[in-house]
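Report on the following structure.
The values are calculated or read from the model by the stated rules, or taken from the named source; none is laboratory data. Values in this document were obtained by computation on a predicted structure and should not be read as measured data. As a convention, Cβ positions derive from the backbone with ideal geometry for all residues, glycine included, and neighbour counts pool all protein chains shown. With ligands, DNA and RNA removed, areas are computed over all heavy atoms of the protein, side chains included. Shrake-Rupley method; radii C 1.70, N 1.55, O 1.52, S 1.80 Å.
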Amino acid sequence: MPPIPGSGLAKGLAVTLRTMTKKTVTAQYPDTQPELPPRSRGVIGLFEENCTVCMLCARECPDWCIYIDSHKETVPPAAPGGRERSRNVLDRFAIDFSLCMYCGICIEVCPFDALFWSPEFEYAETDIHELTHERDKLREWMWTVPEPPALDPGAEEPKEIAAARKTAEKLASQQAQEAQQTQQAQQARQNEEGGTP
C-alpha cells in the first residue's frame, strides 16, 4: 500500500504541537547551578602536604600536561648521632587543562593521595595560555572535593583504622594506669602524713 501523500508532514507537525504544549526543561545555567553526579570529573585538586615529588603523575600522564619542579633539601638527623637525610621540596606543580583529557591516570597512580577529582567546572579563560593552573589554584580546588562515600556497613574495617584504633586504645589504657598509679601514690602520701604525730 503506497503511503498517503503528506502523512510525514502531518506526523512532524503533531510532534511539534505535542512539544509546544509541554513545559520547558531548559536550565538557566548561570542563575541555576546544575546538579552534578557524585563522581563527576571537573578539575584536579592538589593536596600539597601529601606530595613527595615522586613524579609518577607526570610520567604516567599520556598528554604530558603536568609540570613539576623541585629541589633537594638536607634534613638534619632526627636523633643525635644519626645521619642527615635529603628530601624533595615541591617548587612548582602545574596542570595545563588545555591539554588534559581528564583520564584520571594521575589520580590513580599517585601513591600518597595528593591528587583528587573536584566537581568544579567553571574555570574557562579567554586566553588558552591561562588554562595552565599553578599549585595555588589547584590547592583552592582541593577544598571543593566532596567527601568519599560512606563504607558499606557489611565491609571489613580498613586496616589503617584498625591499627589506629588499637594504638589509641593502648595509649588510653597506659594513661589510665599512670593516673591510677599517681592516685595511689598521692593516697599513700596522705596516709603517711596523716599517720605521723
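For A163 and T52, calculate 0.36 nm times their separation in residues minus their Cα-Cα distance, and state this gained length in nm to one decimal.
Answer, rounded to one decimal: 37.6 nm.
Does anyone have the angle between helix 159-195 and the longest principal axis of the chain? Alpha-carbon axes, 0 to 90°, nearest 10?
Roughly 30 degrees between the two axes.
Please compute the length gained on full extension between T32 and I4, using 0.36 nm multiplied by the number of residues separating them and subtracting their Cα-Cα distance.
Extra length from T32 to I4 when fully extended: 5.4 nm.
In the chain, what is the count of Lys pairs whose alpha carbons are under 29 Å apart, counting only pairs at least 8 residues apart or on separate chains?
4
Averaged per residue, what accessible surface does the chain expose to a 1.4 Å probe, in Å²? Working shown, then result.
On the way: 15620 Å² over 197 residues.
Per residue, the chain has 79 Å² of solvent-accessible surface.
Multiplying the sequence separation of K11 and K170 by 0.36 nm and subtracting their Cα-Cα distance, what value in nm do you get?
Going from the current span to full extension adds 49.6 nm.
Could you work out the relative contact order of the stretch 94-171? I mean the mean sequence separation of Cα pairs under 8 Å and 6+ apart, divided by the number of residues, in percent. Mind showing how you got there, number by number?
On the way: 38 pairs, mean separation 26.9, N = 78.
Relative CO of the stretch 94-171 lands at 34 percent.
For the chain, give the magnitude of the charge dipole about the Cα centre (Cβ charges: +1 Lys/Arg, -1 Asp/Glu; no others), in debye to the nearest 20.
740
Which angle between 0 and 90 degrees, to the nearest 10, do you get for helix 7-21 versus the longest principal axis of the chain when only C-alpha atoms count?
That works out to roughly 40 degrees.
With the dipole of the stretch 40-197 worked out from charges on the C-beta (+1 for Lys and Arg, -1 for Asp and Glu) around the Cα centre, which of F97, A150, A168 lies farthest toward the positive end?
A168
Out of Q190, A124, Q180, whose Cα points farthest toward the positive end of the dipole of the stretch 123-191 (charges: +1 Lys, Arg; -1 Asp, Glu; placed on Cβ)?
Q190
Please find, in a Gaussian network model of the chain (springs between Cα atoms separated by less than 10 Å), the residue of D127, D91, D63 whose mean-square fluctuation is greatest.
Maximum among the listed residues: D127.
Looking at the chain as a GNM with Cα springs under 10 Å, which of S98, S40, S173 has the largest mean-square fluctuation?
S173
Please give the Cα centre distance for the stretch 15-41 versus the stretch 123-187, rounded to the nearest Å.
With the stretch 15-41 and the stretch 123-187 each reduced to a Cα centre, they are spaced 39 Å.
At a 1.4 Å probe radius, carbon and sulfur cover how many percent of the accessible area of the stretch 85-126?
C and S atoms contribute 51 percent here.
Using alpha-carbon pairs under 8 Å, 6+ residues apart, how would you state the relative contact order of the stretch 51-197 in percent?
19
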